[in-house]
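Since the structure comes first, as structure tokens, the remarks are kept for the end.
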Amino acid sequence: MVCAARRVPRHRQAQLCRWDWTGAAIGAEPSNAGFVCDLFGHVSQLPQIMRGFGIATGFVWRGINNESRSNLLWEGADGSELACYKFTRDGYSDYAFAVREAGMPFVQKRDGAPMPEFEAERCARQLEEYLRYEAANSDISSLLLFDGGDHQNWDQPVYEVLRKRIEAGGKDFRVVHSSLDAFAAELERERAKIKTRFKGELREPSRTTRVSAHIIHGVLSSRVWIKQANAECQTLLCQWAEPFAAFAATSLGLEWPAGYLDVAWRWVLQNHPHDSICGCSIDQVHEDMKYRFSQARQIGERLTREATTKLAASIEGDIPAGDARLVVFNPATAPFDGIAEIDVALPKDGPKFGEFFWFEDMPVFRLFDAGGREVVYQRLGQTMDHSVLRLRANKFPEHLRVNRVRVSLPLSVPALGYTTLTVVPAEDRRPCRHPEVPGLATGATSMENEALAVWVHGNGTLTMLDKRTGQTYEDLMTFEDRADIGDGWFHGPAANDQTWVSTGSPAAIALVENGPNVAAFRIRQKMSVPAAFDFKAMRRTEEHTELTIETTVRLRRGADHVELEVAIDNSARDHRLRVLFPSGARAKSYLADSAFDVVERAIALREDNHLYNELEVETKPQHSWTAVFDKQRGLAVLSTGLLETAVRDLPERPLALTLFRSTRRTVGTDGEPNGQILGPMRFRAWLRPLAGAPDRGEMFALAQHLAAGLRTVQLDREDQRIHATGKALPAEAGFLSVSGVGVLTSARLVGEGLEVRLFNPTEKAGKARIEWAQRPRGSRTWRKAELVDLDSRPLKAARPELGKSGLAVALKPKQIVTVRLS
């Protein structure tokens, strides 16, 4: 419920609001109030995002130590501004505590006798006190009485008191039943009176015990599988399903799958309430999330497969009998030009050869690119006799048996596009080989390419030399394990803690890939750590368990980064595991990406941290990358689904990437098991040395490639017949590309138009170039370009100048822009 009080001369009107979000679900007009008061910190671009949806006001609480004023102006990274109401003291529950006594113990005493749970006179007096408190803190003439709070029903006796107060009027305050939108309109009307201003992300820890607005920083690494599943689903929808469905619709005339995409996004968004996505609720809440992610994933995979298969089947030319067409798709907005790994499916009874005395079957085949040139590949491995299904619209599935061979090869793939390979069977019983030397491995535990040299040590760590700068990085990839006695909200360090590191555990090292395209080592360690935390003795147990950590370290020809894949079998409880990368940078701050932004953060914690109610901690959020550097050297770590990093305030400036936290405590219970996340887990990260500040656009491109990768569709003659569309596409084509300062986040059809969303991650104005010169002939023609907001409404801005094959878009620093082509 929302009520308000407003100041006329010597008079204020109080607007009372009851928290109720059911209106939009039953067909009412949805609220346009930017209600984000219980988020655990705020990203720097939220004002611009809200403005992009036509929302001019916000309701905030956490991340701001502004104890004396309930109004503020919040300026986003690009300069967009919101007039905000800031909840004070106990946040959105403050009215419930102060007036309704919602936090009162069941029995209180007055003069030695039990005090009644409710007294109308006491309630009326507390209401007047609350009005005076709000008036003293407000810059505007309207006051907000927000009756919110979790887990509470309608409080009829209290509302009877309130009804009488509304009817009585009053000489100092006039109370009216209202809404957040009505109060927001008053806030916007009087924004000139607001003097307090904040800029950028709001992540200040709670300063005093009088204000309970903790930012609750530990949620970044709680139940990490949730963050990984969410990142996977968002990548699948934003980088694959939407853009390639748009590609297929505009070049082949296929139907845009709006309904399916809406359903998939609904499943994802239903997992986004803050106690759900943050992993800080009870086990049952998070078990339910698995089904929703699964539904979104299945829809996204099906839409991606249908779009890419139709595109592949429509490439001109019939597939010869016995051959296969293997189409490689690239979701990035820049061409892919590098070493890739793909699987080639071959008939089980196809041609083979055997080395020496034919110790095993080796399927033989040749690959040709879109221009008919033979492609030299590196054979990485094979798995034999797989079952696959061939699906037809009106027939039962056909079961086929295939052998799969994994190969590494150089590829060039257009931006948001595809290239075609042809798989041709080689002669039976004769070898089909390519040169395997010189490989990238330079020794039993070392490898090197044009840019980097990497050594693997017996304690599991790496040394990396950047050959371009001469800078060496040592002791990379040390795993650090310490106690966690917290819960889904907070990492809880113990007073009697023990921090264990993996460098005391010997490593078994295997060379698992080596050739001219790629080399990889597998490092296997059994790290001994305490099995659990003893909550009676309040220390980690003497009993130990072994964490099996297996890391694959991969280096590709021409790459400027090292790839890491970490597999962990977690058998310990009540702990946090991080991996450390000493940078050696002489830096006082570092960069991390955020939603539509890059933020700079200090490495050192605040000097008065010990005086805060809620301690500032070294761990902070990232979206996909963190970089620390000076003018000569530095390191960037990129990952997907891992949202917590730190640059430690130590001489070597180690970058710490949190892998997971295992906790037993859940709210309102004696503890539940699933927060411990026992069992196997997998993580991926890339490590890139720097020679000064990184190019922010390049970092986003690398992060998107890490998350999305490449995909393939393989067809034989019968598959082509089944999926034929009657169109003829070239062997290589691209949907669109982006260059300049813009980072693409979305490309989808809205109505009859294509909407392309970009943002400028830099602090300088610039231009982004959107081009579609590589689109197939006969694709839908764009005749008009205009800027729209985040809700697809046209903006009163100068239209981008539309050329034959592209357009240029001007972007201000940190600006988000959506271009609609029609």
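The values are calculated or read from the model by the stated rules, or taken from the named source; none is laboratory data. Quantities reported herein were computed from a predicted structural model and do not represent experimental measurements. FYI the Cβ positions are ideal-geometry reconstructions off the backbone, even for glycines, and counts take in every protein chain you see. Note: accessible area is taken over every heavy atom of the protein model, side chains too, but ligands, DNA and RNA are not part of it. Shrake-Rupley method; radii C 1.70, N 1.55, O 1.52, S 1.80 Å.
A simple rule links phi to the HN-Hα coupling: the Karplus curve 6.51 cos²θ - 1.76 cosθ + 1.60 with θ = phi - 60°, which for the stretch 288-296 gives 5, 5, 4, 5, 5, 4, 4, 5, 4 Hz, with x for Gly and Pro. Residues whose amide H lies under 5 Å from that of Ser624, counting only those 5 or more places away or on a different chain, are Asp593; hydrogens are built 1.01 Å from N in the peptide plane.
Cβ under 9 Å from Cys37's Cβ, Cys37 left aside: what net charge do those residues give with Lys, Arg +1 and Asp, Glu -1?
Working: positive: Arg62, Lys86; negative: Asp38.
Taking every other residue near Cys37 into account, the sum is +1.
Computed about the Cα centre, the dipole magnitude for the chain is approximately 1860 debye when only Lys and Arg (+1) and Asp and Glu (-1) carry charge, each at its Cβ. The dipole here belongs to the stretch 458-603: it is taken about the Cα centre, uses +1 on the Cβ of Lys and Arg and -1 on the Cβ of Asp and Glu, and is about 380 debye.
Applying the Karplus relation 6.51 cos²θ - 1.76 cosθ + 1.60 with θ = phi - 60° to the stretch 671-681 yields 3J(HN,Hα) values of x, 10, x, 6, x, 6, 6, 6, x, x, 9 Hz, where x marks Gly and Pro.
Residues in the stretch 375-392 carry Karplus couplings, in order, of 9, 7, 10, 9, 7, 9, x, 8, 10, 9, 6, 9, 8, 10, 10, 9, 9, 10 Hz; the curve used is 6.51 cos²θ - 1.76 cosθ + 1.60 with θ = phi - 60°, and Gly or Pro positions show x. When each of the peptides 774-782, 389-397, 34-42 is scored by how many other beta carbons lie within 10 Å of its residues on average, the order from highest to lowest is 34-42, 774-782, 389-397.
The apolar share of the surface of the stretch 725-822, taken as the fraction of accessible area on carbon and sulfur atoms (1.4 Å probe, ligands and nucleic acids excluded), comes to 47 percent.
Leaving out same-chain residues fewer than 8 places away, which lysines sit with a Cα under 22 Å from that of Lys199? Cα-Cα hits under 22 Å: Lys86, Lys588, Lys620, Lys764, Lys812, Lys814. Nearest 10 degrees, 0 to 90: what angle lies between the long axis of helix 258-269 and the longest principal axis of the chain (Cα atoms)? Taking Cα atoms only, the helix is inclined about 60 degrees. Can you give me the C-alpha center-to-center distance between the stretch 309-354 and the stretch 118-180, rounded to a whole angstrom? Each part reduced to its Cα centre gives a spacing of 68 Å.
Between the residues Gly668, Thr658, Val647, the greatest Cα displacement towards the positive end of the dipole of the stretch 591-712, with unit charges on the Cβ of Lys, Arg, Asp and Glu, is found for Thr658.
State the answer as a single residue: which of Leu400, Val424, Leu411 lies farthest towards the positive end of the charge dipole of the stretch 392-437, with beta carbon charges of +1 for Lys and Arg and -1 for Asp and Glu, about the Cα centre. The one lying farthest along the dipole's positive direction is Leu400. Under a cut-off of 16 Å between alpha-carbon atoms, report the lysines in cross-link reach of Lys290, not counting same-chain residues fewer than 8 places apart. Within reach: Lys227.
Ranking Trp154, Leu754, Leu605 by Cα position along the charge dipole of the chain, where only Lys, Arg, Asp and Glu carry charges on their C-beta atoms, puts Leu754 farthest toward the positive end.
Hey, any idea what % of the stretch 204-247's accessible area is carbon plus sulfur with a 1.4 Å probe?
Values: 610 of 1140 Å².
Reported share for carbon and sulfur atoms: 53 percent.
On the stretch 270-314, 48 percent of the accessible area sits on carbon and sulfur atoms, based on a 1.4 Å probe. On a per residue basis, the chain carries 44 Å² of accessible surface, using protein heavy atoms and a 1.4 Å probe.
For His610, the accessible surface of its heavy atoms amounts to roughly 140 Å² (probe 1.4 Å, protein chains only, rounded to the nearest 10).
Would you pull out the residues with amide H under 5 Å of Arg174's amide H, same chain only if 5 or more places away, H placed 1.01 Å from N? The answer is Arg6, Arg12, Gln13, Ala14.
Stokes-Einstein diffusion for the chain at 20 °C, viscosity 1.002 mPa s, with a Kirkwood radius from C-alpha pairs, works out to 72 µm²/s.
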